[in-house]
Each structure stands twice: as C-alpha cells, then as structure tokens.
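A.B. asks: Sharing a structure with you now.
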Amino acid sequence: MNIKHIIPLIALSVAAISVSAQNNAREAFKFAKHQTKLLLAETAKIKAAANKPNLLSPRALNTKGDLVMVSSKDWCSGFFPGNLWFLYEYTGDKFWKERSEPFTAEMEGEKSNTGTHDLGFMVYNSVGNAYRLTRQQKYKDDIIQTARSLITRFNPTVGCIKSWDHQKQWQFPVIIDNMMNLELLFEATKLSGDSSFYKVAVTHANTTLKNHFRADNSSFHVINYDPETGKVLNKQTLQGFADSSAWARGQAWGLYGYTMCYRETGNKAYLAQAEKIARYIFSNPQMPPDLVPYWDFDAAKLGNQPRDASAAAIAASALYELSTYSKNAVTYKKTADKILNSLGKSYQAQPDSASGFLLLHSTGHKPANSEIDVPIIYADYYYLEALLRQKRLAEKRPVINATGTLKN
C-alpha cells in the first residue's frame, strides 16, 4: 500500500482510540466526581460523630458496609488526598484543589516519620501529587525531608529498606510492596541534587530483583534477611495464600515498581523484569477472562475465591506506562484497556452507594480475614491514575519523519 494511504489510516485509527479513551475517562471521572463528593460528606460526618480529630482519610468499608477511617499514620492515608488531586488534574476545577489541600496538609506531618517504609504511599501519593500540580516550595521541601526519613531504614549490608518493625517473627523483613516507595527517593534526588536517595533506591531494586523472584517470575511476598550478614533467612508470605503462592496484588506491585524503576534509571534489567512479570500475570491459567484476578493466583485453584480489583487497577496503570517503553506496546495497551473496561462495567459501585467509593470487590488481607470483597481506597487511586494515563496516551499523535514513514 502506498505510504500516502497508510498515514491517513493510521491517523484515523489513532483518532478512534483517542475518542474512545476520552469517552472512558469522561464517564469515569463524571462518576468519580459525584461519588467523591459523597465520600467527602461521609468522611466529614464520621469525623464529627466520632469526635476523633486524628481520623483523616477513608480507607475502606467493612463487611457491614460501615466506613473505616484512618489517621495520617496509616499506610493508606495518602490515597484519598491523591484521588482529590487527580480530580483536580482532570477537571482543572479549584473545588478539588481546595478539598485536597487540608488532607495534604495533614500528610505533610508524616515527613519525619522514620517508623514506616510506606512513606511513598503516604506522602508521595498525597504531597507528591500536590507538588506535581502546584510546584509549591513547601511540597518540594516535604518530599526531600520524607526521603531523608525513609532512608534511615536502609541497611547497606542487606541492601534494602526494612519494611516492618512490628512483625517480630522476622529479623529484617522486606516485602515486594516496598518497590512502590522508591519513586519518592528518585524524585528527591531530582529535587535536591543529592544522589544518596537514588543510590538507595537502585540498591533496593537490585537486591529485590535478586531475591524476590522465582524461576517463573512470580514474586514472594516477604524476604527475611539477617541484618548483620545480609543473608536470606526465609522466603514467606503474610497476605498471600501460602509462602509458595503468587499473591495477586504483590505481583502488581512488582510490575508497577520495576516499570517505574526503568523510567527513572534506564536500566534495561528493570524493563526486562517488568515484562517478565507482565507475562507471568497475563498468561497465568488462573487469570479470569475479564483480567481482574482472584486475590491469589494459587488460591484461585481452590475455587470460590474473592477477586481483587485493586490488583487489576494497579496492573492497568503499570501497563500503560510499560507500553511507552516496550516493543509490546500494542499488547500492553490493549490489555490495560480491557482491564479498565472490565472495572468500569462490572466493578464500579452504583452512584450514591458504597459511601462514595468507586470500585467494589477488592481484597486487602484475606489470611487475616480483613477487608475481603469490599471497596478499598487504593483501588480507587490506581483506577483514576490508570484512566489519566490512558487518556494521556490516547491524546498523543504518531510522529512521522520527513520522509513520511513512521518512527519506531
């Protein structure tokens, strides 16, 4: 076919994809605005009735349908402020900025917290989005100070940031989730010029790459290290079905984390690992046709297991970014699109229900009988992030050389 005919066809195809993605985002964000106003009202009601000013953010609904609120010290505390910033980003409406700021101000107080590895979730998802969208100096300063706090948990002998202090059965536990907190460190180096944050992030990513993954590229949840020697003592789980199983959200954390690490470093080993994880997840025989996984891939073999919409949303967001780096771009985009379509059609709450949460059917910690088949705030966060990423990708036009051929 003549190149003159190819280019218009490509343009039409891209335009059709762009319109579809914009329609998806438009409807989803219309729904999100409506629901989030309800969640804001429900949050204010609970805080007033409980007379507990330390309660900051909605985390989940319990099995009775009651709204669960948490303080700024909870690992989930930064997601709701992040959701509000996403709504501001999409709409440009100052209403959402004004609603975001008080929640974000509370999260700024966690910048000196050295007792948790979850500062990326807590501060970067709230304050980090605030800085990205406003460029206010105070938010920049907060990110740098938070990174200083996080690296106090780094053990150079182990080569990782310690995850938990309260799980006494392990000496130096490191969980796959911790990959998600490295973005904070990469950003802090860019903002401060201090390379120590970058070096800690890369060392943690490399150690995790070495020790967390099995031959099939599934991930263990917890690696327990000897803090004196760096030796691996145990490879286990806390939230998965079994030590040897593939906990669905953990696989999604790994996919997202190594995709992000490739973006920040250009290290092709990270890109290769992200693609291996994607292959494991989406070629798994236990993956349902709608691409919303059961809470654990191995537990799924037992039948009658709950889904985890949060794992699907995290994976979709990661796949959109991964598509911008990989030769498998088309496959990754199509897979992410399918996930978002499934979530939008079958997992979104009905308007004015679920206290204002967006997605139903997430599973937090099944072995502890906690947050099973309920709305959870981080599912909503990554759902909105994925929608924004889908929209941004769809709005890009193909770049054509002066000769009239498509660039790779």
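A.B. asks: Going toward the positive end of the dipole of the chain, with +1 on Lys and Arg Cβ and -1 on Asp and Glu Cβ, which of Q145, L343, L119 do you reach last?
C.D. replies: The listed residue farthest towards the positive side: L343.
A.B. asks: Give the distance, in whole Å, between the Cα centre of region 204-251 and the Cα centre of region 80-108.
C.D. replies: 35 Å
A.B. asks: What's the center-to-center distance, using Cα atoms, between region 291-328 and region 138-156 in Å?
C.D. replies: If we compute the Cα centre of each part, the gap is 30 Å.
A.B. asks: On to the next question. Set the Förster distance to 35 Å, then compute FRET efficiency between L233 and D93 from the Cβ-Cβ distance, nearest 0.05.
C.D. replies: Values: r = 51 Å, r/R0 = 1.47.
Using R0 = 35 Å, I get an efficiency of 0.10.
A.B. asks: Same structure, new question: Where does each of 288-299, 210-221, 336-347 land if you order them by average Cβ count within 10 Å, highest first?
C.D. replies: Working: 288-299: 21.3, 210-221: 17.5, 336-347: 19.8.
Going from most to least packed, we get 288-299, 336-347, 210-221.
A.B. asks: Given the rule -39500 (n - 2.57) for each run of at least 4 DSSP H residues, summed and divided by the residues of the chain, what is its mean residue ellipticity at 222 nm, to the nearest 500 deg cm²/dmol?
C.D. replies: Taking each H run of at least 4 residues, the total per residue is -17000 deg cm²/dmol.
A.B. asks: How many percent of the accessible area of the chain is carbon or sulfur, using a 1.4 Å probe?
C.D. replies: On the way: 8670 of 17300 Å².
Carbon and sulfur: 50 percent of the exposed surface of the chain.
A.B. asks: For the peptides 307-318, 355-366, 75-86, what is the packing order when you average, over each peptide's residues, the other Cβ atoms within 10 Å and list the highest mean first? Walk me through the intermediate numbers first.
C.D. replies: Numbers: 307-318: 28.8, 355-366: 23.2, 75-86: 26.7.
The most tightly packed comes first, giving 307-318, 75-86, 355-366.
A.B. asks: Where only protein heavy atoms count, and the probe is 1.4 Å, what is the accessible area per residue for region 25-112 in Å²?
C.D. replies: Using a 1.4 Å probe on heavy atoms only, each residue of region 25-112 averages 47 Å².
A.B. asks: For region 73-123, state which trypsin sites (Lys or Arg not before Pro) are in a DSSP loop and have at most 16 other beta carbons lying within 10 Å of their beta carbon.
C.D. replies: Those that pass, being in a loop and sparsely packed, are K73.
A.B. asks: Could you provide, to the nearest whole Å², the per residue accessible area of region 198-257 with probe 1.4 Å?
C.D. replies: On a per-residue basis, region 198-257 sits at 36 Å².
A.B. asks: What does the extension gain come out to for N328 and R214, with contour length at 0.36 nm per residue minus their alpha carbon separation?
C.D. replies: Length difference between fully extended and current span is 38.8 nm.
A.B. asks: Pulled fully out, how much extra length does the chain show between K45 and N369, if you take 0.36 nm times their separation in residues and subtract their Cα-Cα distance?
C.D. replies: Extending this stretch completely gives an extra 113.9 nm.
A.B. asks: Under 1.5 on a/c is rounded, so check that first for region 287-326, then, if it is not, pick prolate when a/b is larger than b/c and oblate when it is not; a ≥ b ≥ c are the square roots of the alpha carbon gyration tensor eigenvalues.
C.D. replies: Judged from the Cα gyration tensor, region 287-326 comes out prolate (a/c at least 1.5, a/b above b/c).
A.B. asks: Sort region 292-362 into rounded, prolate or oblate with this rule: let a ≥ b ≥ c be the square roots of the eigenvalues of the Cα gyration tensor; rounded if a/c is under 1.5, and if a/c is not under 1.5, prolate when a/b is larger than b/c, oblate otherwise.
C.D. replies: oblate
A.B. asks: Given 5 Å bins starting at zero, what is the percent of C-alpha pairs of region 106-174 in each, up to the one with the largest pair distance?
C.D. replies: Computed distribution, short to long bins: 3, 18, 26, 20, 14, 10, 6, 2, 1.
A.B. asks: Using 0.36 nm per residue of separation minus the Cα-Cα distance, give me the extension gain between K64 and Q350 in nm, one decimal.
C.D. replies: Extra length from K64 to Q350 when fully extended: 101.2 nm.
A.B. asks: Sort the chain into rounded, prolate or oblate with this rule: let a ≥ b ≥ c be the square roots of the eigenvalues of the Cα gyration tensor; rounded if a/c is under 1.5, and if a/c is not under 1.5, prolate when a/b is larger than b/c, oblate otherwise.
C.D. replies: Numbers: a/c = 1.30, a/b = 1.13, b/c = 1.15.
Here the chain falls in the rounded category.
The values are calculated or read from the model by the stated rules, or taken from the named source; none is laboratory data. What you see is a predicted model; the values in this text were computed from it and never measured. All Cβ positions, even for glycine, are placed from backbone atoms using ideal geometry, and neighbour counts span all protein chains on display. We work out accessible area using only protein heavy atoms, side chains counted, and drop any ligands, DNA or RNA first. Shrake-Rupley method; radii C 1.70, N 1.55, O 1.52, S 1.80 Å.
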